[in-house]
Structure formats: structure tokens, C-alpha cells
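> Take a look at this one; I'll ask things after.
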Amino acid sequence: MYLVDSHTHLVSFARRGNAGDAIMRAVEAGVERMVTVGTEPDDWSINRDLAASHPGVIDYTVGLHPTSVDDQWEAALAALPEALDWEPRPVGLGEMGLDRFHLPGDPDEAARIFARQENAFRAQLDLARGTAWPLVIHSRGAVEACVEMIDESGVDWTQVVFHCFSDGPELLAPILERGGRASFTGIVTYKNAEKVRESLKRQPLDRLMFETDAPYLAPVPKRGKPNEPAYVRYIAEFCAEILGMSEENLATLTTKNAKAFYDLK
Ligand SMILES: [Zn+2]
Ligand SMILES: [Zn+2]
């Protein structure tokens, strides 16, 4: 059985010097490819180096995460076009988007920071318009605002994935209607995540992808422990049960989807 971890953060392992071990455990668990996702300029080159030393196993994206949008965001954005030209080539742009969960309590300060997130998101969408880059969208408490901004940007919705989808079907519907997709993490295995399981069932199978978003959000039965790419198999196992499919078929299907979405060679 072969799986793809379509969204992970190997940088957190690399910074502790154990990315090699995590990659080896993943490959042993049947995870043939991993996409390690960029959040800020500091991690782009670490991800690129991991991809360079693991061809055919590790791919990476570059982008500015909403919670990494600080006073220096314009400089970070200015460095993006060059990073998109690096060798080996990134396979996508992101993660980018809007995050209301980590805003400060003071309403004026929160509004100022959210507006800055919108500016950085809009700038990345502008960069993506007219290109074929797959776009990794991060949304916490902001699906409608993200949908509106993507609509305004004119990017092709078939390039769009809302990663770590943690909302219900009513918020998935506008994404699917437009040709976009959601991908699912270990959250789908959590007891209180019934609405996420409802979304999983609505997601057309030909757009379904799994991800760990490691090192966070370890799936049951590893919940509460540090997450790692090998655990994408627990997500697949759990979802196969929910969707009434064999694990083998679901693995084959989601692997094909992730490879097609990111055009993994
Ligand atoms: Zn994210
Ligand atoms: Zn992420």
C-alpha cells in the first residue's frame, strides 16, 4: 500500500536533526511521497535542501503562512518569485491564507493584523494568477473570507486546496462548487469532529487527499503525541472505514490524486 503525505512540515524535524529518521519511518510505513510545505523564507531553503537530498520522495512548496505575516512580509513576498525558480523546483505555492485563531485580544490590533494577512494573501494570489502553481490555502475561522478573496483574484479554482479542512459541509460546499478541494488531517479521527467527517463524505473521491500537517494534529491512536508523516496511514485507515472502501483502494486513489494535483514526477 502506497500513500502520499500531501502536507507536512519536515522543517520542524530538520531543525531537531531528525528529518532523516522521520522520512525513513514514513517510507517504511508505505508513504512513498511527502510534500513539505513552506511557511516563511527561513524554512523555504531547508525544504529545498530536503527535496534535493531525497529526489522522488520529498517535494516542497514555498509561501507565506498567515501567522508568519509580520512587519517584514513585503520583503518575504519579494523573495518568492526567485524561490519559485529554485532547483529542484517547488511543486506549489503556499501555504497562504487567513487565520483568525491566533489574533491578539485587542480588537484594533487584531483588525490591523488581519488586514495585513489579507494583503499578504492577495499578493500571493496575484502572483499565482495565470500560472499553473497548485495553491495551498490555510484557513482558520476564515473560509468565507478566503473564498471571496480567491474569487476576486481570478485564479483557477482547480488549482486550489483548502488544507487541514476542519469545518462542516456548509463551508465545504462553496469550495467544491467552484472546482476546489479540501484535504484532511488527523482531525477527522477525533471524537468531536463529526462535522469534519460529514465534509469528508461530501468531498468527491477524485479530489480527496490526506495529509498529516506534522508535527501537529497526530491522528488517533497517536493523538497527543508528536505527529509525523508515517501516521498518514492511520488517517487513511480511519477514512476507509467511514467511506466503506478498502484501505488499499483508498490509498491508491488518494495517492493518484495528490500526485496529479502537485504534478509529482
Ligand atoms: Zn496550515
Ligand atoms: Zn501546514
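The values are calculated or read from the model by the stated rules, or taken from the named source; none is laboratory data. Since this is a predicted model, take the numbers as computed values, not measurements. Heads up, the Cβs are rebuilt from the backbone with ideal geometry, glycines too, and the neighbour counts pull from every protein chain shown.
> Those residues that are within 16 Å of ligand 1 (Cβ to nearest atom), under 18 Å from residue 262 (Cβ atoms) and out of contact with any helix residue (DSSP H, G or I) (no Cβ under 7 Å at 6 or more places or on another chain), I need them from segment 1-57; list them, please.
Passing the criteria: 7, 9, 35, 37.
> Of the residues 96, 149, only one is under 23 Å from residue 177 (Cβ atoms) and within 16 Å of ligand 2 (Cβ to nearest atom); which?
Exactly one of 96, 149 is under 23 Å from residue 177 (Cβ atoms) and within 16 Å of ligand 2 (Cβ to nearest atom), namely 96.
Yes/no matrix, rows are residues, columns are (1) surrounded by fewer than 22 Cβ atoms within 10 Å (Cβ to Cβ); (2) out of contact with any Cys (no Cβ under 7 Å at 6 or more places or on another chain); (3) over 19 Å from residue 209 (Cβ atoms); (4) not β-branched (Val, Ile, Thr):
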| position | (1), (2), (3), (4) |
| --- | --- |
| 114 | yes, yes, yes, yes |
| 118 | yes, yes, yes, yes |
| 131 | yes, yes, yes, no |
| 136 | no, yes, no, no |
| 139 | no, no, no, yes |
| 150 | no, yes, no, no |
| 163 | no, yes, no, yes |
| 169 | yes, yes, no, yes |
| 172 | no, yes, no, yes |
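> If you don't mind, there's one more thing I want to ask. Can you find a residue in segment 185-197 that is more than 16 Å from ligand 1 (Cβ to nearest atom), free of Cβ contacts under 8 Å to residues at least 24 places away in the same chain and in contact with a helix residue (DSSP H, G or I) (Cβ under 6 Å, 6 or more places away or on another chain)?
Looking through segment 185-197, none of the residues is more than 16 Å from ligand 1 (Cβ to nearest atom), free of Cβ contacts under 8 Å to residues at least 24 places away in the same chain and in contact with a helix residue (DSSP H, G or I) (Cβ under 6 Å, 6 or more places away or on another chain).
> Being within 13 Å of ligand 2 (Cβ to nearest atom), part of a loop (DSSP other than H, G, I, E, B) and either modelled with pLDDT of 95 or more or crowded, with 19+ Cβ neighbours inside 10 Å (or both) is the filter here, so list the residues in segment 202-232 that pass it.
Answer for segment 202-232, where residues must be within 13 Å of ligand 2 (Cβ to nearest atom), part of a loop (DSSP other than H, G, I, E, B) and either modelled with pLDDT of 95 or more or crowded, with 19+ Cβ neighbours inside 10 Å (or both): 211, 212, 213, 214, 215, 217, 227.
> Consider segment 27-77. How many of its residues are among the small types (Gly, Ala, Ser), over 23 Å from residue 121 (Cβ atoms) and in contact with a strand residue (DSSP E or B) (Cβ under 7 Å, 6 or more places away or on another chain)?
In the first step, residues of segment 27-77 are kept if they are among the small types (Gly, Ala, Ser); the result is 29-30, 38, 45, 51-53, 56, 63, 68, 75-76.
Right, trim to over 23 Å from residue 121 (Cβ atoms) and you get 29-30, 51-53, 56.
Now restrict to residues that are in contact with a strand residue (DSSP E or B) (Cβ under 7 Å, 6 or more places away or on another chain): 30, 51.
Total meeting the criteria: 2.
> Among all residue pairs at least 6 apart or on different chains, which show Cβ distances below 8 Å where the first residue, located in segment 95-111, is touching a residue at least 60 places away in the same chain (Cβ under 8 Å) and over 19 Å from residue 63 (Cα atoms) and the second is within 16 Å of ligand 1 (Cβ to nearest atom) and in a helix (DSSP H, G or I)?
Partner pairs satisfying both residue conditions: none exist.
> Could you list, in sequence order, all residues of segment 83-112 that are within 16 Å of ligand 1 (Cβ to nearest atom), over 22 Å from residue 260 (Cβ atoms) and not in a loop (DSSP other than H, G, I, E, B)?
97, 98, 99
> Now, a different point. State all residues of segment 46-105 that are over 16 Å from residue 10 (Cα atoms) and basic (Lys, Arg); if no residue qualifies, say none.
89, 100
> Determine if segment 48-56 includes at least one residue that is in a loop (DSSP other than H, G, I, E, B) and on the phi > 0 side of the Ramachandran plot.
Yes, segment 48-56 contains a residue that is in a loop (DSSP other than H, G, I, E, B) and on the phi > 0 side of the Ramachandran plot.
> I would also like to ask the following. Taking the condition of being away from ligand 2 (no atom under 16 Å from the Cβ) and in contact with a helix residue (DSSP H, G or I) (Cβ under 7 Å, 6 or more places away or on another chain), how many residues in segment 58-80 meet it?
5
> Just the residues that are surrounded by 15 or more Cβ atoms within 10 Å (Cβ to Cβ) and part of a helix (DSSP H, G or I), please, taken from segment 175-194.
If the condition is that a residue be surrounded by 15 or more Cβ atoms within 10 Å (Cβ to Cβ) and part of a helix (DSSP H, G or I), then 175, 176, 186, 187, 188, 189 are the ones that fit.
> Does residue 155 qualify as being at pLDDT 95 or above and either more than 16 Å from ligand 2 (Cβ to nearest atom) or over 19 Å from residue 40 (Cβ atoms) (or both)?
For residue 155, the condition - at pLDDT 95 or above and either more than 16 Å from ligand 2 (Cβ to nearest atom) or over 19 Å from residue 40 (Cβ atoms) (or both) - is met.
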